[in-house]
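Here's the structure, in structure tokens; my notes come after.
The values are calculated or read from the model by the stated rules, or taken from the named source; none is laboratory data. Note that the coordinates shown come from a computational prediction; the quantities given were computed from them, not determined experimentally. Glycine also receives a Cβ, built like all others from the backbone with ideal geometry; neighbour counts cover every protein chain displayed. The protein model used for the area step is the full one, side chains on, heavy atoms only, and it has no ligands, DNA or RNA in it. Shrake-Rupley method; radii C 1.70, N 1.55, O 1.52, S 1.80 Å.
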There are 2 protein chains.
Amino acid sequence: MNSFTEENYLKAIYKLSLNGVQGVSTNAIADKLATKPSSVTDMIKKLADKKLVSYQKYQGVNLTKKGSDVAVSIIRNHRLWEVFLVEKLNFKWDEVHDLAEELEHINTHKLTERLDEFLGFPKFDPHGDPIPDKDGNIIQHKDVTLSDLIRGEKAVVVGVKEHSKSYLNYLEQLQLVLGAEVEVKDIVEFDATMQILVNNKQVIISNQASKNLIVKKI
Amino acid sequence: MNSFTEENYLKAIYKLSLNGVQGVSTNAIADKLATKPSSVTDMIKKLADKKLVSYQKYQGVNLTKKGSDVAVSIIRNHRLWEVFLVEKLNFKWDEVHDLAEELEHINTHKLTERLDEFLGFPKFDPHGDPIPDKDGNIIQHKDVTLSDLIRGEKAVVVGVKEHSKSYLNYLEQLQLVLGAEVEVKDIVEFDATMQILVNNKQVIISNQASKNLIVKKI
DNA sequence: AATAAAATTTAGATTAATCTAAAAATATAA
DNA sequence: TTATATTTTTAGATTAATCTAAATTTTATT
């Protein structure tokens, strides 16, 4: 079995690998986990001993198949619990991350599968992130963001790239929730600030905000 | 915040105090937690520093109000999660203990209260143990066991004093589940083995088994 | 290619939880 | 009540995860 800490490292490395990076850097991991590079080096050695990552000094790490499987299963758990918290316990989408961070480590095959079934085999979590299926397959929706649209285009909100409470809370105030329809009315050339229509209401949104909102054109 | 380990110590001390014991012994705690007395002494000192227990060398420990509150809230969590696992995820009563041992430590007020509400404010867990309410009040049903009955008496199964998988599994095979009606047909004088009627079926049950089954006379 | 800057690793400490073995205190029994 | 047994505590080590500070390697820049 792996400790919570080991699991968090594997998850961090997995997520940092998604950008197609070959060899995740020690500093990047330290940043993501809010720890020190020297601590990361120590842990990487341990994970390498357990064949969960492949590692050569100064060259960064990559997950092995085994390590990747563990990471995906934790992500599966995390996202299923988020669905549970929002759909069954009526939490809001900006409240569930920290709780799911704890629940995800109760990593028992049977519990996960029963939960999945109880929830009706959801495909996405409350933030639009895809939930890996029981075999670890995961649908990656391609990241078209609101900031990619041009004037006159319409789209539906399908996810977020940033999960902070403040961002999610802000989006909710603007009614920019999953499924909302948006239409680009105008874009400021200077800083890409957008004027958009959400539920017939005019909204002004910064580039910082629009580039973190994943949409699907319609 | 308290670590998982600290919480497990508090829970163990709480349970060992239920028999009206003043000053829970180091050895009893070590036994319950499958650890060594020297480890227990170390941890007790730490808990005493945090004002969670009162302690004098060689005299055993007692929970303070603060320590007792923590213990009760963990027990509340544990039992609520057990209800969830059995009623919502269709686990059997002999499968839920270990999972609940992990879930109980995600000790967030809001989560517990939402779960309680979702489950319909249950009063008892799947083994018949009372669930403390949100203020920590707990109904203690007085422990009449099957072994206390005499020939001819009838009763309903309301709980168990022993939670091992093997015991629970055995009871289920005999249909001695919560709510089952039993009638004492005969008792062997030598070793208190009982012949009882469960759902019109004759069952022979040892004293070891009957004294761990909590019943209510009817 | 030499040097400066940045990233990474090593060395050595620290903290929490545990252990074994030995010492001290308490309880029990002749 | 003295000796013996049991319980509890202390002393000193160990393991996992972390840290700081120093050393090393890689990368970037002149």
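For the reader, a short list of remarks on this structure follows.
- Residue count for the range B:131-143 satisfying the condition of being under 15 Å from B:Lys217 (Cα atoms) and open to solvent by less than 40 Å² (accessible area, probe 1.4 Å): 0.
- The residues of the range B:96-130 that are in contact (Cβ under 8 Å) with a residue 24 or more places away in the chain, assigned to a loop (DSSP other than H, G, I, E, B) and open to solvent by 50 Å² or more (accessible area, probe 1.4 Å) amount to a single one, B:Asn107.
- If the condition is being more than 13 Å from DNA strand C (Cβ to nearest atom), outside any helix (DSSP H, G or I) and over 15 Å from A:Ser3 (Cβ atoms), then the range A:19-68 contributes A:Asn19, A:Gly20, A:Ala34, A:Lys51, A:Leu63, A:Thr64.
- Pairs where the first residue, in the range B:65-82, is in contact (Cβ under 8 Å) with a residue 24 or more places away in the chain and the second is assigned to a helix (DSSP H, G or I) and acidic (Asp, Glu), C-beta under 9 Å, 6+ apart: B:Val70/B:Glu6; B:Val70/B:Glu7; B:Ala71/B:Glu7; B:Ile74/B:Glu7; B:Arg76/B:Asp116; B:His78/B:Glu101; B:Leu80/B:Asp116; B:Trp81/B:Glu102
- Those residues of the range B:80-95 which are in a loop (DSSP other than H, G, I, E, B) and at the interface with chain A (Cβ under 10 Å from one of its Cβ atoms), in sequence order: B:Leu89, B:Asn90, B:Phe91, B:Glu95
- Among the residues making up the range B:41-55, a single one is within 27 Å of B:Pro132 (Cα to Cα), within 9 Å of DNA strand D (Cβ to nearest atom) and open to solvent by less than 60 Å² (accessible area, probe 1.4 Å): B:Ile44.
- Where B:Tyr58 falls short, out of the listed (1) in contact (Cβ under 8 Å) with a residue 12 or more places away in the chain; (2) open to solvent by 50 Å² or more (accessible area, probe 1.4 Å); (3) more than 14 Å from chain A (Cβ to nearest Cβ): (1)
- When A:Thr64 is tested against the conditions (1) more than 14 Å from every other protein chain (Cβ to nearest Cβ); (2) open to solvent by 30 Å² or more (accessible area, probe 1.4 Å); (3) within 13 Å of DNA strand D (Cβ to nearest atom), the lone failure is (3).
- Count of residues meeting criterion [out of contact with any Leu (no Cβ under 7 Å at 6 or more places or on another chain) and facing chain B (nearest Cβ under 10 Å)] in the range A:102-127: 7
- Within the range B:12-40, residues that are closer than 24 Å to B:Asp98 by Cβ have Cβ atoms under 6 Å from residues that are within 7 Å of DNA strand D (Cβ to nearest atom) and of a type in the set (Val, Ile, Thr) in these pairs: B:Ile29/B:Val40; B:Ala30/B:Val40; B:Val40/B:Thr26, counting only partners at least 6 apart in sequence or on another chain.
- Residues of the range B:18-29 satisfying the condition of being more than 7 Å from DNA strand D (Cβ to nearest atom) and surrounded by fewer than 18 Cβ atoms within 10 Å (Cβ to Cβ): B:Leu18, B:Asn19, B:Gly20, B:Val21, B:Gln22, B:Gly23
- Every residue from the range B:155-212 that is in contact (Cβ under 8 Å) with a residue 24 or more places away in the chain, part of a strand (DSSP E or B) and open to solvent by 50 Å² or more (accessible area, probe 1.4 Å): B:Glu181, B:Lys185, B:Asp186, B:Ile187, B:Lys201
- Residue in the range A:84-95 that is surrounded by the fewest Cβ atoms within 10 Å (Cβ to Cβ), counting only those that are farther than 14 Å from B:Leu115 by Cβ and in contact with a Leu (Cβ under 7 Å, 6 or more places away or on another chain): A:Asp94
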